[in-house]
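The values are calculated or read from the model by the stated rules, or taken from the named source; none is laboratory data. Not measured: the values here are computed from a predicted model. Ideal geometry is used to build each Cβ from the backbone, glycine not excepted, and the neighbour counts take in all protein chains shown. Surface areas here come from the heavy atoms of the whole protein model, side chains and all, with no ligands, DNA or RNA. Shrake-Rupley method; radii C 1.70, N 1.55, O 1.52, S 1.80 Å.
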Amino acid sequence: MEVSALKLPIHKHRYRCNDSGCYNNANPGGWFHKECGESPSEINHPSHPEHPLTFNAKTGYKRCHLCGLLIRTHVLYHCSKCNFSICIDCKRNPPPLTVQHTKTHRHTLSLLARRVSFTCNVCGMQGDRSPYSCIQCSFLVHRDCIDLPRVININRHDHRISLTDHIGRRGNLKCGVCHQSVNQYCGGYTCSTCPDFVVHSSCPTKHRVWDGVELQGIPEEEEVIPPFKVVGDNLIKHFSHENHILRLESDGTSTRDEKTRCEACVSPVYSDPVYSCEQCGFILHETCANLPRKKRLPFRNIEFKLYAPDMDSYEAFECYACKTMFSGFRYKAYRISIDVRCGTFSELESYDFHDHPAVYYNDKKASPRCRACHQRGEMSQHMLSCDDCDFALDFRCFNLPRVVKHKDDEPPLSLCYGEDPNGNYWCDICEGETNPKDWFYTCSHSGVTLHVQCVLGDFSFLMPRRMIKYRRYCKFEVVPNDHCSRPFCACCQSRCIGPFFLTISNPEIIYICSEGCLKKRSLSHL
Ligand SMILES: [Zn+2]
Ligand SMILES: [Zn+2]
Ligand SMILES: [Zn+2]
Ligand SMILES: [Zn+2]
Ligand SMILES: [Zn+2]
Ligand SMILES: [Zn+2]
Ligand SMILES: [Zn+2]
Ligand SMILES: [Zn+2]
């Protein structure tokens, strides 16, 4: 097409464009977007019937008066008498002048196309431009709040929530998604089971925590399946161990060593209340036995189901949130597995490592550094953060055991949440320097400062002394590294220093010291 034949708007196009839809202008100045090339310099737009709108030639930034989009002036139509501007998208698809949506409001709503500050009657948030209005009721609503879903599931709550036009007085008036305050006189989502759970009406879509399914008219699934049946006094049959009966031991008299671990969370049970099997060594924390069979988790907008490993084909997996190798119970949805430690994280709970409640954080563009390990990376995809200060923690560090029994004959180590440096700190295990600002393990008797990684290694959350399958192609046993002589790793050829190593029959027995070495070896032996 001849460019000179087109009536181009007065337009300082400063950007070269590689789109196939671009016009090459023979004049110096280069290329034009197809959109710009074909746009008339003056239009009549239904949103502004009083005056024609013209292309604005000035540079700089403006917001569209209709949708609020931030625009460069070269794609802007403008009325200089009223200082009214619209973006190219709203020029192309003008918002309807009136809307009939009886679920939102019983009367017809009309577009008020101008800058005006208002409080939206549906979401209760401030607006600053072009609401839809019903003059006789003084009803004003954001364009985006007109067609909100009525009944939904969000990944922050286990029950359905439904839209109401009036939140009303409640014990808690903080949004369960953004944690900002909710206005009791406005609309929002509420839960019929939990009177204190409220959500701003705009937050499910804005924060992408909704799975996109409108549930109005869809009956709710019947009852929740409990994780166990009570079969007698303190006796239960748990879904993960159906052949035997488990007995509750809550008196705390029997103290077990750190090798006795809960099948669900793979942590030592010590003297915690547990359900134990009298016929085999199967044991569950009382709290772990109560883990719900289904759960909503912030990691994805789908429902997760609790899986217990099959004892005949016990398997290790990498947790999607903390990237740790784990062999206990998991919450699973499609191919995503979350270990039960990450799966029981609860937002707004107070934890001992920080003064303010922790919230879930996921922003790939701005991943903060973990306060505990000062790393940024794969794990910072999912983090805990704080609404009140710049604290952030990855899930691997969140899960670190507070107390670890490192050697049988020594007192337990406790997790220290960093210190102000005061001299040099050395790790007795690897003989390298310890950064005192990182979290480390210490012992009140000896004052050692041990690297977290040196104390735990990569296999501390795999069930010791059990054959475990890993990624279909390999099977290993997790062995405590407590013999006098430490074996050499078949992959890196150095001595295994972690608290556990793996043995693989190949058919001759070989040893593996770390997850990295396991992956390298597995790949070369496929
Ligand atoms: Zn009305
Ligand atoms: Zn909110
Ligand atoms: Zn609820
Ligand atoms: Zn447990
Ligand atoms: Zn995890
Ligand atoms: Zn960390
Ligand atoms: Zn904080
Ligand atoms: Zn070390």
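Selection over the range 385-434 of residues that are more than 14 Å from ligand 8 (Cβ to nearest atom), in a loop (DSSP other than H, G, I, E, B) and either under 23 Å from residue 481 (Cβ atoms) or open to solvent by 20 Å² or more (accessible area, probe 1.4 Å) (or both) gives a count of 22. Scanning the range 478-523 for residues that are under 36 Å from the mean Cα position of the chain (by Cα), surrounded by fewer than 14 Cβ atoms within 10 Å (Cβ to Cβ) and modelled with pLDDT of 90 or more returns a single hit, 516. Picking from 172, 155, which residue would you name as being modelled with pLDDT of 90 or more and either β-branched (Val, Ile, Thr) or within 28 Å of the chain's Cα centre (by Cα) (or both)? That would be 155, the only listed residue that is modelled with pLDDT of 90 or more and either β-branched (Val, Ile, Thr) or within 28 Å of the chain's Cα centre (by Cα) (or both). Selection of the range 114-127 for residues being in contact with a Gly (Cβ under 8 Å, 6 or more places away or on another chain) and touching a residue at least 24 places away in the same chain (Cβ under 8 Å) yields 119, 120, 121, 122, 123, 124.
Here's the yes/no breakdown for (1) of a type outside the set (A, V, I, L, M, F, W, C); (2) in contact with a helix residue (DSSP H, G or I) (Cβ under 9 Å, 6 or more places away or on another chain):
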residue	(1), (2)
199	no, no
202	yes, yes
208	yes, no
216	yes, no
226	yes, no
236	no, yes
243	yes, no
248	no, yes
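Considering only residues in the range 386-414 that are within 18 Å of the chain's Cα centre (by Cα) and free of Cβ contacts under 8 Å to residues at least 40 places away in the same chain, the one that is farthest from ligand 5 (Cβ to nearest atom) turns out to be 390.
Considered as a group, the residues in the range 123-177 that are open to solvent by 20 Å² or more (accessible area, probe 1.4 Å) and of a type in the set (Val, Ile, Thr) include one that is nearest to ligand 2 (Cβ to nearest atom), and that residue is 164.
Taking the range 442-493 as the region of interest, the strands (runs of 3 or more DSSP E) fully inside it that hold 1 or more residues being touching a helix residue (DSSP H, G or I) at 6+ places or on another chain (Cβ under 7 Å) are 467-470, 474-480. Cβ-Cβ distances below 6 Å connect the following pairs, each with a first residue in the range 353-364 that is closer than 15 Å to residue 179 by Cβ, a second residue that is assigned to a loop (DSSP other than H, G, I, E, B) and within 16 Å of ligand 2 (Cβ to nearest atom), and a separation of six or more residues or different chains: 357/348; 359/347; 359/387; 360/298; 360/347. Starting from residues that are outside any strand (DSSP E or B) and in contact with a Cys (Cβ under 7 Å, 6 or more places away or on another chain), keep the ones in the range 97-120 and report whichever is most open to solvent (accessible area, probe 1.4 Å). The residue in question is 107. On the stretch given as the range 175-225, residues that are in a strand (DSSP E or B), in contact (Cβ under 8 Å) with a residue 12 or more places away in the chain and not aliphatic (A, V, I, L, M) total 5.
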